[in-house]
Amino acid sequence: MRFRSRAAPAAVSALLQLGFAAPASAEGLDLMRGPGAGFAGTAIVLLLMALLTGAILTSRKLDGSSLFNRLFVVVATTSGFFSAVSSAIGFQLIVGQESDDLFRNALLPPAFGVFVFFLAVAIWVGGAELVRERDWFRGMGRGLLSDMAFFLERCIKLFVVIPVLAIILFFVSTWTTVVGIAGVDAVRHTYNFEIARLQSECAKITAWRQKDFLFLEDLRLSVANAKAAARKERDSGAQSGSAGRGAVTDYIDGVADWYETLGKSVAAIIEGEDPSGVSPYDPDVCASTIDNLKRRLADDGFENYDAWAREFETGFENFAIVVNRWRQDRRIERLLDAQLAAFDRANPRPAADAEGRLSAGQRAAIERYAEDVTEALKSLLRKQRLSKPPVPEKSYAEIYPERGLDILPALLKPDPLSAPPAEARVPRTAAVVAAESIPGLSIINPRDAVIKNAKIFSDVWALGLAWDYASYILMLAYLFFPSAERAAGRKDP
């Protein structure tokens, strides 16, 4: 059997994880994922809360306690319950694996949730009992000094002992609660930034590759000019001064045919199928690929986080490799370079015509035309080399490189995006352009994502703190209003 954690509407699954219901089979869990799953989960949680509240308010063990005291126990218990559920989900995101590991994926998260529940109840309900009872000055009689001593004892317990326990609860419960609620969304936030970057890079590269069509058109015009030059030489002797077929006309015709073959080769590179299966000349390639990545990112990341992250990361990295290949595709440039070097071998200049040696005018015409064609090829090659892809954008990891505990001091620094540092301009030589590449995906895990994006998910942090520490605010009433713990008729005179 494969065990996986589940989030929204994860009330049912979370209850199963925490052991409040018997483990269900995979078929049973599939039934719970239907349209009625959210309603069933809500009904179960409300029923449990109603039973728990009724049991606390009518418990004989709280005989003599005020309504405030009983409701305090209800608040502390329910907050511990909700923290336990969300902490179990967060713990699953932190330690879960894609493999079928029974202990890591199925036993550890619910066991951790149960631990969080009892820890929260022990700190708040047990802590309230600790605050209410005298420990150091039990032998003192009633009076002002006794009340002052008891007030001092309560201050130490409330502002020293309980906060120390609360710090432990923060790392055990609040943090994993935030990871459980917002961990996947925080990762999505980071990856949305990366998707936007990849989409921008793809749009820039495809726009840059559109220049290949202009280059191809220039090449076709050169072919047309070569054919026109051959026709003029044949009709009026525009190059050599003597009309009709001859060595000059044949040479220019040969160059025109060679030029046409070169144009077809360039057209084959542009119009041929790209090895990646997608073409940089397709106007919809960026939109369709990015839409596919967004769909993967929107899938359920709680059911199996590792599989969800791996599928998205693989798709992103594969397309980044494709875009980088488009950046470094210099086949047209290499073809022109090779053809320019082989121009004289492909188009040998005639040494003599059928009647003997070439005249000085014919030889000059051939030399002049060959020089013009060579210069035209060099000009085309120069344009191709000067056409450089845009500078790659920085990835999220390059802008925000901190991970782990290094994130905390970085939160206090100015946002690098709002005030980018001045960088020295580096000349983009051919070697620099060849070394440039689009960065891959800035991989981040849920626990780092919720800390790094704490400002964005501040409401989730506030919710987690409220769940865990609302009881502490209520507990302060025991310091300033000691009578709040006793029912009417049992208060001090």
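The lysines within cross-link reach of Lys232, meaning a Cα-to-Cα straight distance under 25 Å and a gap of 8 or more places when in the same chain, are Lys264, Lys378.
Put simply, the amide H of Ser65, placed in the peptide plane, has neighbours under 5 Å in Ala487, leaving out anything fewer than 5 places away on its chain.
Order of 376-384, 407-415 by packing, highest average Cβ count within 10 Å first?
On the way: 376-384: 15.9, 407-415: 11.2.
Descending packing order for the listed peptides: 376-384, 407-415.
Could you list the GluC sites (Glu not before Pro) in the stretch 106-205 that lie in coil according to DSSP, counting only those with at most 15 other Cβ atoms within 10 Å of their Cβ?
Working: sites: Glu129, Glu133, Glu153, Glu194, Glu201; in loops: Glu133.
Taking the stretch 106-205 and a limit of 15 other Cβ atoms within 10 Å, the loop GluC sites (Glu not before Pro) found are Glu133.
Solvent-accessible area assigned to carbon and sulfur over the stretch 61-200 amounts to 71 percent, based on a 1.4 Å probe. Accessible area per residue for the stretch 427-468 is 46 Å², calculated with a 1.4 Å probe on protein heavy atoms, without ligands, DNA or RNA. Across the stretch 381-392, computed HN-Hα scalar couplings (Karplus, 6.51 cos²θ - 1.76 cosθ + 1.60, θ = phi - 60°) run 5, 5, 4, 5, 6, 6, 7, 10, x, x, 5, x Hz from first to last residue, x flagging Gly and Pro. Residue-wise HN-Hα couplings along the stretch 339-348, as the Karplus relation 6.51 cos²θ - 1.76 cosθ + 1.60 with θ = phi - 60° gives them from phi, are 5, 5, 5, 9, 4, 5, 6, 6, 10, x Hz; Gly and Pro carry x.
Set the bar at 26 Å for Cα to Cα. Now go through Lys394/Lys455; Lys294/Lys383; Lys204/Lys294 and name every pair that lies beyond it. Mind showing how you got there, number by number?
Working: Lys394/Lys455 22 Å; Lys294/Lys383 37 Å; Lys204/Lys294 20 Å.
Long pairs (Cα-Cα over 26 Å): Lys294/Lys383.
With every protein chain kept in the model, how would you rank Asp406, Asp218 by accessible area, 1.4 Å probe, largest at the top? Walk me through the numbers before you get to the answer.
Working: Asp406 100, Asp218 55 Å².
Order by accessible area, largest first: Asp406, Asp218.
Here the relative contact order of the stretch 357-449, from alpha carbon pairs under 8 Å that lie six or more residues apart, stands at 43 percent.
Ordering Ile444, Ile321 by accessible surface, largest first, gives Ile321, Ile444; the 1.4 Å probe counts only protein heavy atoms, with every chain in place. Each label point was placed 7 Å from the Cα along the Cα-to-Cβ direction; for Glu317 and Arg330 their separation is 2.7 nm.
Bridgeable aspartates and glutamates around Lys157 (alpha carbons under 12 Å apart, same-chain partners fewer than 8 residues away excluded): Glu129, Glu133, Asp135. Using r as the Cβ-Cβ distance of Ala196 and Leu476, and R0 as 51 Å, what FRET efficiency do you calculate, to the nearest 0.05? For R0 = 51 Å, the calculated efficiency reads 0.65. The accessible-area ordering, largest first, of the residues Val266, Val278 stands as Val278, Val266, per a 1.4 angstrom probe.
Taking θ as phi - 60° and the Karplus parameters 6.51, -1.76 and 1.60, the scalar couplings of the stretch 442-453 work out to 7, 5, 9, 9, x, 5, 6, 5, 6, 7, 5, 9 Hz in sequence order, x denoting glycine and proline.
The values are calculated or read from the model by the stated rules, or taken from the named source; none is laboratory data. Quick caveat: nothing in here was measured; it's all calculated off a predicted structure. Positions of Cβ are backbone-derived with ideal geometry, glycine not excepted, and every protein chain shown enters the neighbour counts. Just the protein is used for accessible areas: all its heavy atoms, side chains included, with ligands, DNA and RNA removed. Shrake-Rupley method; radii C 1.70, N 1.55, O 1.52, S 1.80 Å.
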